[in-house]
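The structure under discussion appears below in the form of structure tokens.
Read-outs: derived from the displayed coordinates by stated rules, not from any lab. Computed from a predicted model, the values in this text were never measured in an experiment. Reconstructed Cβ throughout: ideal geometry from the backbone, glycine too, with neighbour counts over all protein chains shown.
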Amino acid sequence: MHGPASPGWLLVALCAATGAYCLLRMRSGVEEQRGAAGGEALMGFGMAAMAVPAVVFSPPGWVWPAYAVVFGAAGLRALWAARSARHHLHHAVGAAAMVYMAVVMAAAPAHGHGHGHAHDASGTPVLTGALLLYFTGYVLLTGVRLVPVVAVAGGGAGADGRAAAGWGDRPELVRACRLTMAIAMLAMLLPL
């Protein structure tokens, strides 16, 4: 990722922490949670690695095609999983965004950012603009959904007397995790 080092390191820390939380969620007793958490951990750590400031570490040229292959496979897996749970469509869009960023980064040293892409009138690549709109909408929608869940989520038992889910299965934490990654994705897409 190109840009100043300080925000880059903050983005690395945020994405790595989110990836670590998602790894912990993989210990859930709910199979669906484990599968989603694995994909989200991959995304968090992949975003952390991609966000390392270029002034500190410029990866070799083979890294970007490898990213494209890994996240392309993750996107196909998410599309397959979307048959049973629609939130996997968001994972597929996130994986597609990672593939797109990897392709742009692979082309950046030779061609510079933005060359060879269809642009709108402001000079922003059309695909970058579409992804920015998607993730902005996702952040706003998830933020709105998070507020009522947090207000209801106190206490150790639900209104029906059942025990509350483990901390890794709490819906407000899962949403906060996804919200964090969507915000980080916006930060990574902006410089493109």
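Using DSSP to define loop residues, name the trypsin sites (Lys or Arg not before Pro) in the range 9-108 whose beta-carbon has at most 16 other beta-carbon atoms within 10 Å. When the trypsin sites (Lys or Arg not before Pro) of the range 9-108 are filtered for loop state and at most 16 Cβ neighbours within 10 Å, R27, R83, R86 remain. Using the Cβ-Cβ distance between L190 and E32 with R0 = 35 Å, the FRET efficiency computed as 1/(1 + (r/R0)^6) comes to roughly 0.60. Extension gain, A130-A85: 0.36 nm per intervening residue step, less the Cα-Cα distance, totals 13.9 nm.
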